[in-house]
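Where a number appears in this text, it was derived from the coordinates with a stated rule and is not lab data. Quick caveat, the model's predicted, so the values are computed rather than measured. With ideal geometry, Cβ positions are generated from the backbone for all residues, glycine too; neighbour counts draw on all protein chains shown.
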């Protein structure tokens, strides 16, 4: 059974599965493995400088001839490079697609198209989807509040996808994000009106993801009730909601009465150290990468509510192949059931 959709035709991929731009967990090895397996790999570069951005794009291209995407966050509270300059670097490197999140991509869409690349934008409402389509965006990504990491929606995936599908009226492909981790979820997203699925937490739990072993193990052993949507880990991105695994830092803050920043328990504690030697304080939004040393479990361990379906660690290419097979099987089962 073929799993080709409009998303595949638009981007030139074999399967409608997108690896989300999961911050510092992204790396050339992961993005290339996903793309080589037929999905769309992704690099997150917002927290990288221009030289590092050039390097990771180059190394990804050395590993794959298939399309891959690069993500830029538009919220200036968290960017380290001015967006115009960063986009110039990304496009000059010859990427296939640029995804934008946490902001309006209108000012950048024409530049992406001038470089013969695909423009994607993440939205959290039907109104935002309409505006993205009016701006010329080629693919709309709907992020539900079940998603892990930083979240820009207050609506669940199952409610948001059909609303956006109705709003854009087949103008562009839609990708569903949030709470999806297996073939059943992908089949459900397609039934709701999406043309593909965007998975983050499931790809963090792969062999190639650039994450600390303690973080990966917490993902593997946790279930759907172990996450919280909060704005607690705000050092680095003030006020932006995010979904994380519950841990001692969050529980100590709750026990203290959930005080405001400045009065939180252990606010200046150094819980870990980056490879550079820079301290990682409690409540920092830093991701637990393999080079971090310290109390990993007290850091922000980003994860979505699909975590209960993330019970093993696989190579990313094997995961993509398995997701395609599961999705096709589920659709076939539903087709047989409806025919009886």
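Could you let me know the centre-to-centre spacing of region 299-340 and region 99-175, using Cα atoms, in angstrom? Each part's Cα centre sits 23 Å from the other's. Of the residues 306, 335, 92, 115, the one with the fewest other Cβ atoms within 10 Å heads the list, and the complete ranking is 335, 92, 115, 306.
Per residue of the chain, the DSSP helices (runs of n ≥ 4 H) give a summed -39500 (n - 2.57) that works out to -10500 deg cm²/dmol at 222 nm.
A Cα-only calculation for region 213-307 places Rg and Dmax at 12.7, 35 Å. To the nearest ten degrees, helix 157-168 and the longest principal axis of the Cα atoms of the chain are 50 degrees apart. A protection proxy built from the mean count of other Cβ atoms within 10 Å ranks the segments 216-226, 258-268, most packed first, as 216-226, 258-268. A simple spin-label model places pseudo-atoms 7 Å from Cα toward Cβ; at residue 224 and residue 335 they are separated by 2.7 nm.
For the chain, taking Cα atoms only, Rg and Dmax work out to 19.1, 64 Å respectively. The simple Förster model, with R0 at 30 Å and r as the Cβ-Cβ distance, assigns residue 166 and residue 104 a FRET efficiency of 0.90. In the frame of its principal axes, region 10-65 has Cα extents of 31, 21, 19 Å, reported largest first.
Which of the three applies to region 175-243, rounded, prolate or oblate, going by the alpha-carbon gyration tensor with a ≥ b ≥ c and a/c under 1.5 meaning rounded? Taking the square roots of the gyration eigenvalues as a ≥ b ≥ c, region 175-243 is oblate. As a proxy for reagent exposure, 337, 35, 101, 125 were ordered by neighbouring Cβ count within 10 angstrom, fewest first; the result is 337, 125, 101, 35.
Rg and Dmax of region 1-100, based on Cα coordinates, read 13.2, 45 Å. Going from the residue with the fewest nearby Cβ atoms within 10 Å to the one with the most, 233, 68 rank 233, 68.
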